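The values are calculated or read from the model by the stated rules, or taken from the named source; none is laboratory data. No experiment lies behind these values; they were computed from the predicted model shown. So basically every Cβ, Gly included, is an ideal-geometry build from the backbone, and we count neighbours across all protein chains shown. Accessible surface is based on the protein model in full, side chains and every heavy atom, while ligands, DNA and RNA are left aside. Shrake-Rupley method; radii C 1.70, N 1.55, O 1.52, S 1.80 Å.
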Amino acid sequence: MADNVQASCDLMMFGASGDLAQRKLFPALYQLARAGLLAQDSRVLAIARTDASEQEMRDRFKARLKAQIKPDEFDDALAERFVERVNYLCLDFNNTEGYEALNEWRSSNNQLIVYMATPPAMYGVIARNLRAQSCCTERTRVVVEKPIGHDLDSSKVINDELAEVYHESQLFRIDHYLGKETVQNLIALRFANNLFASQWDQNHISHVEITVAESMGIEGRWGYFDKAGQIRDMIQNHLLQLLCLIAMDPPSDLSADSIRDEKVKVLKALKRVTPDTMEQTVVRGQYTAGTSDGKPVPGYLQEDGANKGSETETFVALKVEIDNWRWSGVPFYVRTGKRMPEKMSQIIIHFKPAPHYIFDPDQKHLANNKLIIRLQPDEGMALKILTKDQGLDKGMRLRQGPLELTFSETFDTERIPDAYERLLWEVMRGNQYLFVRRDEVEHAWRWVDQIIRNWHDSGEPPKRYAAGTWGPVASIAMITRDGRSWYEDA
């Protein structure tokens, strides 16, 4: 990480015994300490409802750190020093009087950060109780997790509750995709390289693919997921954020509001999906029994705790159009699903072919350059270009090959930081450019809500697809109608 300026912080972590804190937040803080980016006098107050002593909780935190962190990155002595910084408070979040203990813990000199790793319904409760006990000031930074509501109206309620206590400049709404190195590199790729900046419009790009595929199923999250579905869980935040970073116009500078202003313009320009256009532009699916990694797996309705009559989607594919000058006529094909053949997140920019083709007609299908941006599993970029095939007998036969950039191999770094490491570091530094502003949340919900309403009005159930496949056949038909194919089918 570049700027090695340490900021002394007091971090109050609500929901510290939950999965997010144990799996992501504590390991991220440990890695910051390991990298020398956590100031020596920074402290953590872990707050949860678990009835346990401070030492018992420290032992649990250390055991989870050891389980989560790679063996070659885990240092027992460092982990012990790290958990010694962690104090524990058992607290009923609804008990206003209990918050008095937070003021007793506070250090007046350190920057205060409040991290709400709790269900969103608790955000307003925690904010009001912190205010009631004067635990926060106008300098306090507050981190909240997605989802911000389950539709536009509920997101406004949550944001209004937060706005009663905090200014927008104090709020850091996390979308962990924005902390990924490759996602941040989209800005550098587009606006630092005129090779791409000058080609980034409808004159040179034919279409864009965004795929976020998960090989796992529900993994014990039925209660949450069945209420949310894939469109709320993935499209409304992660994939629309990726789309905005690809499609936005150049910001005037790298300040948080300059970048977020341009993302909001994209969200406002998204073409509405009407009942008449749903069949051509939206596909939703639900996985049935199949195989994953060569092993049989149950269908969504056969998962533990399943509601056998659920029509919640586990797959969504969209043809998204942006009504502005830059992207007129350029479709963005977006898809995400569970129980797909592999875990993979990638963006593919398909460039238009040269206007006059002079090579072997049988190879004309190769003539489109492609920029492949990999978010996971191996972060990096590849530009597919055409060159002459080698050999005296090849004539002017073409072959397609990549100009490859794999971050872990190219850059002299031991490891690529996890997204939460970057995001926590930016909160400590007070930088909001990787966080989502309120109007972004609301414009994204406004666009997604229309699709959900159309689904409900139509009464059509999700289309089935076997676990271990790339989704319903209808998602292939959607892109085939335009004379194109998904990248892995090309």
Summarise the accessible area of the stretch 68-186 (1.4 Å probe, protein heavy atoms) by the percent that is carbon and sulfur.
45 percent
Under Stokes-Einstein, with the Kirkwood radius over Cα pairs standing in for Rh, what whole-number D in µm²/s applies to the stretch 430-490 at 20 °C and 1.002 mPa s?
141 µm²/s
Which FRET efficiency value, to the nearest 0.05, is calculated for residue 265 and residue 311 with the Förster distance at 35 angstrom and r the Cβ-Cβ distance?
0.55
Just flag the GluC sites (Glu not before Pro) in the stretch 92-199 sitting in loop per DSSP whose Cβ has no more than 14 other Cβ atoms within 10 Å.
138
I need the per residue convex hull volume for the stretch 90-202, using only the alpha carbons, in cubic angstrom as a whole number.
155 Å³
For residue 112, enumerate residues with amide H under 5 Å from its amide H, sequence gap 5+ or separate chain, H modeled in the peptide plane.
10, 141
Roughly how tilted is helix 54-68, in degrees to the nearest 10 and between 0 and 90, from the longest Cα axis of the chain?
20 degrees
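Among the trypsin sites (Lys or Arg not before Pro) within the stretch 269-302, which fall in a DSSP loop and have no more than 12 other Cβ atoms within 10 Å of their own Cβ? Let's see the in-between values first.
Working: sites: 271, 272, 284; in loops: 271, 272.
Loop-located and lightly packed - 272.
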Give the share of C-alpha pairs in each 5 angstrom bin for the stretch 1-123, from 0 to the last occupied bin, in whole percents, shortest bins first.
2, 10, 21, 24, 21, 13, 6, 2, 0
Evaluate E = 1/(1 + (r/R0)^6) for residue 107 and residue 154, where r is the Cβ-Cβ distance and R0 equals 30 Å; express this FRET efficiency to the nearest 0.05.
0.25
About the Cα centre, and with charges only on the beta carbon of Lys, Arg (+1) and Asp, Glu (-1), how big is the dipole of the stretch 141-204? Nearest 20 debye, please.
360 debye
Using only alpha carbon pairs under 8 Å that are at least six residues apart, calculate the relative contact order of the chain and give it in whole percent.
18 percent
Under the √(5λ) rule applied to the eigenvalues of the Cα gyration tensor, what semi-axes describe the equivalent ellipsoid of the stretch 89-145? Give them in Å, descending.
17, 14, 10
What's the carbon and sulfur percent of the stretch 209-316's accessible surface, probe 1.4 angstrom, rounded to a whole number?
50 percent
Can you tell me the orientation of helix 438-458 relative to the chain, as the angle in degrees between its alpha-carbon axis and the longest Cα principal axis, to the nearest 10?
60 degrees
Taking the Cα atoms of the stretch 282-327 alone, what are Rg (to one decimal) and Dmax (as a whole number) in Å?
16.2, 49
Labelled set [x] 40, 27, 19; [y] 58, 28, 21; [z] 41, 27, 23; semi-axes √(5λ) of the Cα gyration tensor in Å computed from this model equals the value at [z]
Full extension between residue 96 and residue 168 adds, at 0.36 nm per residue less the Cα distance, a length in nm of 23.5 nm
Given that compact globular proteins tend to follow 2.2 N^0.38 Å, what is the ratio of the alpha-carbon Rg of the stretch 230-353 to that value?
1.28
Report the full-extension gain for the segment residue 378 to residue 206: residue separation times 0.36 nm, less the Cα-Cα distance, to one decimal in nm.
59.3 nm
Where the centroid of each part is defined by its Cα atoms, how far is the stretch 444-490 from the stretch 281-360 in Å?
7 Å
Please state the relative contact order of the stretch 1-79 as a whole percent: Cα pairs under 8 Å, 6+ residues apart?
40 percent
If you place +1 on the Cβ of every Lys and Arg, -1 on the Cβ of every Asp and Glu, and leave all else neutral, what size is the dipole of the stretch 18-66 about its Cα centre, to the nearest 20 Debye?
240 debye
Accessible area per residue for the chain in Å², computed with a 1.4 Å probe and the full protein assembly in place, what is it?
44 Å²
So how much slack lies between residue 304 and residue 81, counting 0.36 nm per residue of separation and subtracting their Cα-Cα distance, in nm?
76.3 nm
Between residue 188 and residue 56, Cβ-based FRET efficiency (R0 45 Å, step 0.05) works out to 0.50
Toward the positive end of the charge dipole of the chain, about the Cα centre and with charges on Cβ (Lys, Arg +1; Asp, Glu -1), which of 35, 468, 297 goes farthest?
468
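If you place +1 on the Cβ of every Lys and Arg, -1 on the Cβ of every Asp and Glu, and leave all else neutral, what size is the dipole of the chain about its Cα centre, to the nearest 20 Debye?
For this selection, approximately 920 debye.
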In nm, give the distance between the simple-model label positions of residue 224 and residue 446, each being 7 Å from the Cα along the Cα-to-Cβ direction.
2.8 nm
